[in-house]
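Asks: Here it is, the structure in full.
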Amino acid sequence: MHIDTSTAESRHQFYQSTAWKRLRQRALERDHYECLWCKREGRVTASALEVDHVAELEHHPDKALELENLRTLCKYHHNMRHERFQFKRTKEKEPKTYREDEWFG
């Protein structure tokens, strides 16, 4: 089965499909409705759960419907994994240097 992932719209259509919804449910059940990264940290998070493609859908459409390519993450860890919002990488700022005769800083 070929899955078109070339546009945001085609990916949206995939996520609305019955095949995806059924597989997503199986991944949640397999992972006991818990964020796997929280569990690894010794915490239990069973709300705001999302199912993540380990090999990203956009780049690996051939793995889109493979259960082994899915994991359950909470919204926080899913955003972290994709470097969204507050997790975006920023350039490191150069340290400020002050003259020796400056009293502040």
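Asks: If I ask for residues that are buried (at least 16 other Cβ atoms within 10 Å of the Cβ), modelled with pLDDT of 90 or more and either basic (Lys, Arg) or part of a loop (DSSP other than H, G, I, E, B) (or both), which ones from the stretch 61-84 would you list?
Replies: Those that are buried (at least 16 other Cβ atoms within 10 Å of the Cβ), modelled with pLDDT of 90 or more and either basic (Lys, Arg) or part of a loop (DSSP other than H, G, I, E, B) (or both): 63, 64, 65, 71.
Asks: Scan the stretch 39-57 and report the pairs whose first residue is farther than 14 Å from residue 78 by Cβ and whose second residue is among the basic types (Lys, Arg), with Cβ atoms within less than 6 Å and a gap of 6+ or a chain change.
Replies: Qualifying pairs under 6 Å: 55/63.
Asks: Here's another thing I want to ask about it. Name the pairs: first residue in the stretch 4-31 and on the phi < 0 side of the Ramachandran plot and among the aliphatic types (A, V, I, L, M), second residue in a loop (DSSP other than H, G, I, E, B) and surrounded by 12 or more Cβ atoms within 10 Å (Cβ to Cβ), Cβ to Cβ under 7 Å, at least 6 apart or on different chains?
Replies: 19/65; 23/65
Asks: Being touching a Ser or Thr at 6+ places or on another chain (Cβ under 7 Å) and in a loop (DSSP other than H, G, I, E, B) is the filter here, so list the residues in the stretch 1-32 that pass it.
Replies: Matches in the stretch 1-32: 4, 31.
Asks: If you scan the stretch 55-66, which residues turn out to be of a type in the set (A, V, I, L, M, F, W, C) and either closer than 16 Å to residue 34 by Cα or in contact with a strand residue (DSSP E or B) (Cβ under 8 Å, 6 or more places away or on another chain) (or both)?
Replies: Of everything in the stretch 55-66, just one residue is of a type in the set (A, V, I, L, M, F, W, C) and either closer than 16 Å to residue 34 by Cα or in contact with a strand residue (DSSP E or B) (Cβ under 8 Å, 6 or more places away or on another chain) (or both), namely 64.
The values are calculated or read from the model by the stated rules, or taken from the named source; none is laboratory data. On a predicted model such as this, the values are computed, not experimentally measured, just so you know. Neighbour counts run over all protein chains shown; Cβ positions are idealised from the backbone, glycine included.
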